[in-house]
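Below is one structure; the comments refer to it alone.
The values are calculated or read from the model by the stated rules, or taken from the named source; none is laboratory data. Given the structure is predicted, the values throughout are model-derived calculations rather than measurements. Every residue, glycine among them, receives a Cβ derived from its backbone with ideal geometry; neighbour counts consider all protein chains shown.
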Amino acid sequence: MRKTSLFLLLASAPLLSGCAGIVIGAAATAGYFTVQERGAQQALEDSKITTHIRDRLASANYHFITDIGVTVLNKHVLLTGVTTSETDAERVNNIAKSTPGVTVVYNELMVGSKGDLKEGAQDAAIATQLRTKLLTADGVYSVNYMVDVVLGHVYMTGLAQTEEEKARALHVARTVKGVKQVHDYIQVSVATPKSMLGDAVEREAPNPQPMDNN
(Lines give C-alpha, C1' and ligand atoms only; values in the text may rest on other atoms or scores of the structure.)
Protein backbone atom coordinates (compact mmCIF):
# COMPACT_ATOMS: atom_id res chain seq x y z
CA MET A 1 0.00 0.00 0.00
CA ARG A 2 1.47 3.33 -1.06
CA LYS A 3 -0.40 5.47 1.41
CA THR A 4 -1.68 5.07 4.92
CA SER A 5 -4.99 6.36 6.20
CA LEU A 6 -5.95 5.89 9.83
CA PHE A 7 -9.06 6.78 11.74
CA LEU A 8 -7.87 8.00 15.11
CA LEU A 9 -9.91 6.14 17.67
CA LEU A 10 -9.96 5.72 21.39
CA ALA A 11 -7.27 3.35 22.56
CA SER A 12 -9.66 0.44 22.87
CA ALA A 13 -11.61 1.13 19.67
CA PRO A 14 -11.07 -0.79 16.43
CA LEU A 15 -8.89 0.74 13.73
CA LEU A 16 -10.40 1.69 10.38
CA SER A 17 -8.36 2.24 7.21
CA GLY A 18 -9.01 4.98 4.65
CA CYS A 19 -7.65 2.79 1.85
CA ALA A 20 -9.63 -0.36 2.48
CA GLY A 21 -12.35 -0.56 5.09
CA ILE A 22 -12.21 -3.15 7.82
CA VAL A 23 -15.59 -4.71 8.50
CA ILE A 24 -16.55 -4.47 12.14
CA GLY A 25 -19.69 -5.32 14.08
CA ALA A 26 -22.68 -3.02 13.88
CA ALA A 27 -22.68 -2.43 17.63
CA ALA A 28 -19.01 -1.45 17.65
CA THR A 29 -19.53 0.86 14.68
CA ALA A 30 -22.51 2.53 16.32
CA GLY A 31 -20.56 3.01 19.53
CA TYR A 32 -17.66 4.59 17.69
CA PHE A 33 -19.93 6.97 15.78
CA THR A 34 -21.85 7.93 18.92
CA VAL A 35 -18.80 9.40 20.66
CA GLN A 36 -17.79 11.50 17.66
CA GLU A 37 -18.45 15.23 17.68
CA ARG A 38 -20.38 15.08 14.41
CA GLY A 39 -22.97 12.67 15.88
CA ALA A 40 -24.02 9.16 14.98
CA GLN A 41 -26.47 10.04 12.20
CA GLN A 42 -24.03 12.24 10.27
CA ALA A 43 -21.19 9.77 10.80
CA LEU A 44 -23.30 6.97 9.35
CA GLU A 45 -24.26 9.13 6.37
CA ASP A 46 -20.58 9.92 5.77
CA SER A 47 -19.77 6.21 6.01
CA LYS A 48 -22.37 5.42 3.35
CA ILE A 49 -20.94 8.09 1.05
CA THR A 50 -17.44 6.70 1.58
CA THR A 51 -18.57 3.19 0.71
CA HIS A 52 -20.43 4.39 -2.37
CA ILE A 53 -17.42 6.30 -3.68
CA ARG A 54 -15.07 3.36 -3.07
CA ASP A 55 -17.44 0.98 -4.83
CA ARG A 56 -17.58 3.28 -7.86
CA LEU A 57 -13.79 3.68 -7.87
CA ALA A 58 -13.34 -0.10 -7.74
CA SER A 59 -15.65 -0.48 -10.72
CA ALA A 60 -13.70 2.14 -12.66
CA ASN A 61 -10.19 0.80 -11.91
CA TYR A 62 -9.25 -1.76 -9.26
CA HIS A 63 -5.94 0.07 -8.64
CA PHE A 64 -7.93 2.96 -7.20
CA ILE A 65 -8.79 0.85 -4.16
CA THR A 66 -5.20 0.80 -2.90
CA ASP A 67 -3.92 4.02 -4.45
CA ILE A 68 -6.70 6.46 -3.55
CA GLY A 69 -7.80 7.58 -0.10
CA VAL A 70 -11.36 8.77 0.48
CA THR A 71 -12.15 10.66 3.67
CA VAL A 72 -15.64 12.04 4.27
CA LEU A 73 -16.65 14.48 7.00
CA ASN A 74 -20.05 16.21 7.03
CA LYS A 75 -20.52 15.32 3.35
CA HIS A 76 -17.19 16.96 2.46
CA VAL A 77 -14.91 14.55 0.57
CA LEU A 78 -11.11 14.65 0.68
CA LEU A 79 -9.29 12.71 -2.03
CA THR A 80 -5.67 11.76 -1.39
CA GLY A 81 -3.16 9.42 -2.99
CA VAL A 82 -1.20 9.17 -6.22
CA THR A 83 -2.40 8.57 -9.77
CA THR A 84 -0.21 7.86 -12.78
CA SER A 85 -1.92 10.41 -15.04
CA GLU A 86 -3.96 13.60 -15.03
CA THR A 87 -6.70 11.65 -16.78
CA ASP A 88 -7.01 9.22 -13.87
CA ALA A 89 -6.94 12.08 -11.37
CA GLU A 90 -9.80 13.81 -13.17
CA ARG A 91 -11.69 10.54 -13.39
CA VAL A 92 -11.44 9.99 -9.65
CA ASN A 93 -12.47 13.58 -8.97
CA ASN A 94 -15.54 13.32 -11.21
CA ILE A 95 -16.61 10.07 -9.55
CA ALA A 96 -16.49 11.71 -6.12
CA LYS A 97 -18.31 14.86 -7.26
CA SER A 98 -21.14 12.89 -8.87
CA THR A 99 -21.75 10.62 -5.89
CA PRO A 100 -25.15 11.28 -4.25
CA GLY A 101 -24.91 13.14 -0.94
CA VAL A 102 -21.53 14.78 -1.62
CA THR A 103 -21.54 18.57 -1.27
CA VAL A 104 -17.83 19.46 -1.52
CA VAL A 105 -14.79 17.69 -2.97
CA TYR A 106 -11.23 18.60 -1.97
CA ASN A 107 -8.81 17.15 -4.51
CA GLU A 108 -5.35 16.51 -3.08
CA LEU A 109 -4.41 13.81 -5.59
CA MET A 110 -0.78 13.75 -6.70
CA VAL A 111 0.18 12.76 -10.24
CA GLY A 112 3.41 10.85 -10.78
CA SER A 113 5.38 8.07 -9.12
CA LYS A 114 3.58 6.18 -6.35
CA GLY A 115 6.77 5.71 -4.37
CA ASP A 116 8.42 2.51 -3.27
CA LEU A 117 7.97 0.13 -0.36
CA LYS A 118 10.35 2.16 1.80
CA GLU A 119 8.28 5.31 1.34
CA GLY A 120 5.13 3.35 2.08
CA ALA A 121 6.68 2.10 5.32
CA GLN A 122 7.70 5.64 6.24
CA ASP A 123 4.14 6.86 5.71
CA ALA A 124 2.85 4.04 7.90
CA ALA A 125 5.33 4.97 10.63
CA ILE A 126 4.29 8.63 10.50
CA ALA A 127 0.62 7.69 10.77
CA THR A 128 1.29 5.41 13.74
CA GLN A 129 3.32 8.05 15.55
CA LEU A 130 0.72 10.71 14.93
CA ARG A 131 -2.11 8.47 16.10
CA THR A 132 -0.25 7.74 19.32
CA LYS A 133 0.55 11.40 19.94
CA LEU A 134 -3.05 12.49 19.36
CA LEU A 135 -4.38 9.82 21.70
CA THR A 136 -2.25 11.22 24.51
CA ALA A 137 -2.33 14.94 23.65
CA ASP A 138 -3.94 17.22 26.22
CA GLY A 139 -7.05 18.98 25.00
CA VAL A 140 -7.39 16.90 21.82
CA TYR A 141 -10.33 14.52 21.43
CA SER A 142 -8.62 12.09 19.07
CA VAL A 143 -11.77 10.14 18.12
CA ASN A 144 -12.81 13.16 16.03
CA TYR A 145 -9.76 13.14 13.76
CA MET A 146 -8.78 11.24 10.63
CA VAL A 147 -5.31 11.22 9.12
CA ASP A 148 -4.04 10.42 5.63
CA VAL A 149 -0.31 10.23 4.93
CA VAL A 150 0.97 10.29 1.35
CA LEU A 151 4.70 10.52 0.63
CA GLY A 152 5.33 12.43 3.84
CA HIS A 153 2.35 14.77 3.42
CA VAL A 154 -0.10 14.63 6.32
CA TYR A 155 -3.76 15.44 5.68
CA MET A 156 -5.65 16.22 8.88
CA THR A 157 -9.43 15.92 8.74
CA GLY A 158 -11.68 16.25 11.74
CA LEU A 159 -14.07 18.24 13.85
CA ALA A 160 -12.51 20.18 16.72
CA GLN A 161 -14.59 21.57 19.54
CA THR A 162 -12.62 24.83 19.61
CA GLU A 163 -9.99 26.73 17.63
CA GLU A 164 -7.55 25.96 20.45
CA GLU A 165 -8.11 22.22 20.05
CA LYS A 166 -7.60 22.52 16.30
CA ALA A 167 -4.31 24.37 16.81
CA ARG A 168 -3.12 21.72 19.26
CA ALA A 169 -3.94 18.88 16.86
CA LEU A 170 -2.09 20.58 14.00
CA HIS A 171 0.89 21.25 16.25
CA VAL A 172 1.07 17.58 17.15
CA ALA A 173 1.12 16.66 13.45
CA ARG A 174 3.90 19.13 12.68
CA THR A 175 6.14 17.66 15.38
CA VAL A 176 6.08 14.09 14.04
CA LYS A 177 9.41 13.06 12.54
CA GLY A 178 9.40 12.65 8.76
CA VAL A 179 6.44 14.94 8.04
CA LYS A 180 7.03 17.19 5.03
CA GLN A 181 3.83 19.24 5.14
CA VAL A 182 0.61 19.32 7.14
CA HIS A 183 -2.58 19.99 5.20
CA ASP A 184 -5.40 21.36 7.34
CA TYR A 185 -8.95 20.09 6.76
CA ILE A 186 -10.08 20.37 10.36
CA GLN A 187 -13.46 22.00 10.94
CA VAL A 188 -14.46 23.69 14.18
CA SER A 189 -17.77 22.49 15.58
CA VAL A 190 -20.44 25.00 14.56
CA ALA A 191 -23.92 24.96 13.03
CA THR A 192 -24.06 23.51 9.52
CA PRO A 193 -23.06 26.32 7.08
CA LYS A 194 -24.86 26.99 3.81
CA SER A 195 -21.80 25.81 1.89
CA MET A 196 -22.49 22.27 3.08
CA LEU A 197 -25.93 22.23 1.45
CA GLY A 198 -26.95 21.72 -2.17
CA ASP A 199 -25.10 20.18 -5.11
CA ALA A 200 -21.53 19.01 -4.92
CA VAL A 201 -18.84 21.51 -5.80
CA GLU A 202 -15.10 21.26 -6.17
CA ARG A 203 -12.92 23.48 -4.03
CA GLU A 204 -9.25 24.27 -4.12
CA ALA A 205 -7.30 22.62 -1.39
CA PRO A 206 -6.32 25.04 1.39
CA ASN A 207 -2.68 26.03 1.64
CA PRO A 208 -0.61 23.46 3.58
CA GLN A 209 0.64 24.48 6.97
CA PRO A 210 4.39 25.16 7.06
CA MET A 211 6.54 22.80 9.06
CA ASP A 212 7.75 23.89 12.45
CA ASN A 213 9.72 21.21 14.23
CA ASN A 214 11.16 23.52 16.83
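A few notes on this one:
- Unmet criterion (only one of (1) touching a residue at least 60 places away in the same chain (Cβ under 8 Å); (2) surrounded by fewer than 18 Cβ atoms within 10 Å (Cβ to Cβ)) for residue 112: (1)
- Residues that are crowded, with 18+ Cβ neighbours inside 10 Å, outside any helix (DSSP H, G or I) and not β-branched (Val, Ile, Thr) within the range 153-183 comprise 153, 155, 156, 158, 159, 160, 183, listed in sequence order.
- Members of the range 161-187 found to be touching a helix residue (DSSP H, G or I) at 6+ places or on another chain (Cβ under 6 Å) and at pLDDT below 95, listed by number: none
- For the condition in a loop (DSSP other than H, G, I, E, B), touching a residue at least 40 places away in the same chain (Cβ under 8 Å) and of a type in the set (Lys, Arg), residue 133 does not qualify.
- Scoring residue 136 on the criteria (1) closer than 22 Å to residue 48 by Cα; (2) surrounded by fewer than 19 Cβ atoms within 10 Å (Cβ to Cβ) leaves a single failure, condition (1).
- Verdict on residue 101 being exposed (fewer than 15 other Cβ atoms within 10 Å of the Cβ), within 27 Å of residue 42 (Cβ to Cβ) and more than 15 Å from the chain's Cα centre (by Cα): yes
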